[in-house]
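Have a look at the structure below before the remarks.
Quick note: the coordinates plus some simple rules give every number you see, no bench work behind them. Remember, it's a predicted structure, so these values are computed and weren't measured experimentally. Note that we place each Cβ from the backbone using ideal geometry, even for glycine, and neighbour counts take in every protein chain shown.
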Amino acid sequence: MDGWAGQRLRVDLTKGKITKEPLTLEYRKKWIGGRGFNSDVIYNEVPPEMSPFDPRTRVCFGVGPMNGTAAPSTGRVTVTCKSPLTGGFGDSSMGGHWGAEVKYAGYDQIIIQGKAKNPVYIWIDDDKVEIRDASHLWGKFPRDADTMIKEELKDEDIHIMLIGPAGENMVRFACTFNDVWRAAGRTGHGAVIGSKNLKGIATRGSGGVKIARPKEFMEVCNKLRQKFKNDPMKIGLYELGSLCLINFANKDGWLPWKNLQYGGTPLANNMSGETHSQTVLKHREGCYACPICCGRFTEIKEGRWAGEHFGGPEYEHAVPTGPRVGIIEDANDIWHNARLTNDLGMDGIETGAVISSAMEWYQRGLITTKDTGGMELEWGDEDVVDQLIQDIAYRRGFGNVLAEGASRASDKLGLGDDGQYYTIATRGMALPGDDPRGLGFGYGLSFAMGTRGGCDHLRSLCCLELSGALYPGLNTKYLGDERPQKPTTTAGKPYMVYYEENQKAVVDCLNVCCFTTHWSYAVLTQDQLDYFNACTGLDMTLDEFLEVGERVHNLERAYWALLMSGAREDRVPERFTNEPMPQHVDYQTNVGATLPIGEMLPKYYKYRDYEAGTGFPSERKLKQLGLGYVAEDIKPLRKKYMSETEKKKKKYYY
Amino acid sequence: MAVMNKQQAKKLAEMNDFFLDLLNLLKEKRVISNKEHRTFLLTGYEKLVEHLGKKKIISPVDAKKAMKSGFTSLVSSLSK
């Protein structure tokens, strides 16, 4: 078996049953691994009407053929489930070293189903798998549970996936970590894991990965590592982490300020990568086989939070509980808030998003202190943000309402469409820290079309418009046109998003970090194919390779169709279409911009071969991708979706 | 080899998002097959230009220019 381990592990926590299932070559060629394996399981084993907290639901951890090899940045793991935040398809990805360890233990995927009677953790020691008591770990932060498990198993070198208290309390946007700090942040799978009474999965693997054509494989890997040496994105990410984006975001008007009422703040530099590295950076860290090492480790040295330390933060982690809630004057407050969401085990993006939505509801008089339990939700009040983060994690008071996510919280508070306007979400998942009125119209289109709930920067990760300027000629190479490089143009964006979505999907199947394949473009699509073929011994062509990505994307889209989610829900928050970007600094580049989503959608649908009325993938497209059974599932739903009854329903989540 | 007239070339060159329309036109003119249409939709512009150069639909010089300058150069070559 080359590349893959060739089997997956299924753990039924209700029955206490552990099984190993072989993965045929045909299956592996069809889905490759990671996101592909996981999406297939969710589609086939989790009916769309099932509650995400039903014990019968599945949570999948997908690795793939490249995990555990020398290919750059191939250490990621995809986590997939039916999302408790959106009610639809949901996945997330994390770096670290756990993915390689799972592979060394002999598995390409782990599927968890059922529910344990009491808190447990799973211990995978190569082919020996046990379900162990975790009652002593329940309630612990991931950093503490990690230490305790390593002491219990007497091995400092094992790698562990864990949830925090927020997952145990089924906060709808709880997340998972491995190696304590590497998070799979989005879509709320931490809550699903917590609903199963599962604290984590500890893993030790003593095997290796067999490479089909090792000389060829190492030539490709070494060539890529050379490319990274002088890569501009790599240098920036190593030096400053993803916080290197702060000042760019501020200039181009995509740094969320006060729930995206503005695209930045004059004080943005307080939290820039430059400032972070000069004041609180303790050391840099890298994930498995990564030449970039963008990871930060932060230690707060002074002020109210002096002595706190943690892994991180990323841009997307720091911004939501920083400028998005109006905090910028003291960056230590921002680092503290990021530390809190880490320790409590919550998606930093969704945490900041729900608090900032609540602040805007309060600002506009939609809620009062009667709703908040007496709290005055003033922008920039760190005491309020600190308290709310904890109250959300432990589901206390007003925090218990916000723990449902902004869209559900708005409904619980009876705020109607007015409340939903300020949730800045699509299909129930909040936008991350990137305003498409500045970051780019391609991003905006991908937010509307994202298959894990929309409003997501990672579904296409249109870095041809983010990084394109650093790589002259790259837009022409793939798209035939340099115009899409400009963020605030619609030119070429429908094709850009189509191309990048497929590309990103296959990258997720390989579990390669997108910082090496989309941000930096040091690893081009052809390079990915070359190392994949050398590793597995297959000789896939480029179109077959990218077709896997298109297949995965369409399967996920079809899952949303089963939930009656289609063209009417392909939208962005109205703030982006209705409100011209106001000015916050005099050097800002996108003053007055709005997102012309309507100009891009029809053409994008044509690229995707989605039906104009429903937005469902066409029968022709699904059959072309070998998904004829999916076409049959959707067929009876087309008429229903177009019925007057369905048209009247407002679906903010599912 | 002219596979489109000047008017078609001008229309394509002025489009906001041209790639699918270009592939559709090339398929309609039987310059590329159904399978090739699908392949280039997935793999992108550079692979299309390589193919058109190999098949001598455009000259090597025009293929090189199209790689460098993008689609307006390509459609100009296809309408010569």
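A compact table of results
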| read-out | value |
| --- | --- |
| Chain A - percent relative contact order, Cα under 8 Å, separation 6 or more | 15 percent |
| Difference of contour (0.36 nm per residue) and Cα-Cα distance, A:Ser643 to A:Glu151 | 171.2 nm |
| Computed [θ] at 222 nm, helices only, for chain A once each DSSP H run of length n ≥ 4 contributes -39500 (n - 2.57) | -11500 deg cm²/dmol |
| Prolate/oblate/rounded call for segment A:7-204, Cα gyration tensor, a/c under 1.5 rounded | rounded |
| Reference-scaled alpha-carbon Rg (2.2 N^0.38 Å with N residues) for the protein assembly as shown | 0.91 |
| Sequence-separation-based contact order of segment A:552-602, relative, with Cα cut under 8 Å and 6+ spacing, percent | 28 percent |
| Members of B:Lys29/B:Lys68; A:Lys215/B:Lys64; A:Lys103/A:Lys635 lying beyond 27 Å, as alpha-carbon distances in this model show | A:Lys215/B:Lys64; A:Lys103/A:Lys635 |
| Whether segment A:232-429 is rounded, prolate or oblate, judged on the alpha carbon gyration tensor where a/c under 1.5 counts as rounded | prolate |
| Exposure proxy ranking, count of Cβ atoms within 10 Å, fewest first, for B:Val75, A:Val385, A:Val171 | B:Val75, A:Val385, A:Val171 |
| Helix runs (DSSP H) in chain A reaching 18 Å along axis by Cα, Kyte-Doolittle at least -1.0 | A:331-344, A:348-363, A:493-510, A:542-562 |
| Cα-derived Rg to Rh of segment B:6-78, Kirkwood definition | 0.92 |
| Where trypsin sites (Lys or Arg not before Pro) fall in DSSP loop in segment A:1-49, at most 14 other Cβ within 10 Å | A:Lys15 |
| Loop-located GluC sites (Glu not before Pro) in segment A:453-556 whose Cβ has at most 12 other Cβ within 10 Å (DSSP) | none |
| Theoretical FRET efficiency, 1/(1+(r/R0)^6), r = Cβ-Cβ of A:Asp609 and A:Ser277, R0 60 Å, to 0.05 | 0.80 |
| Centroid-to-centroid separation of segment A:194-257 and segment A:37-97 [C-alpha atoms, Å] | 19 Å |
| Mean Cα-pair separation over length for segment A:232-429, i.e. relative contact order, pairs under 8 Å, 6 or more apart, % | 16 percent |
| Cα centroid separation - segment A:166-190 against segment A:532-574, whole Å | 24 Å |
| Potential extension, A:Arg620-A:Glu574 segment - 0.36 nm per residue separation minus Cα distance | 13.3 nm |
| Rg/Rg_ref, segment A:491-596, where Rg_ref = 2.2 N^0.38 Å and atoms are Cα | 1.42 |
| Loop sites in segment A:1-80: GluC sites (Glu not before Pro), DSSP, at most 16 other Cβ within 10 Å | A:Glu49 |
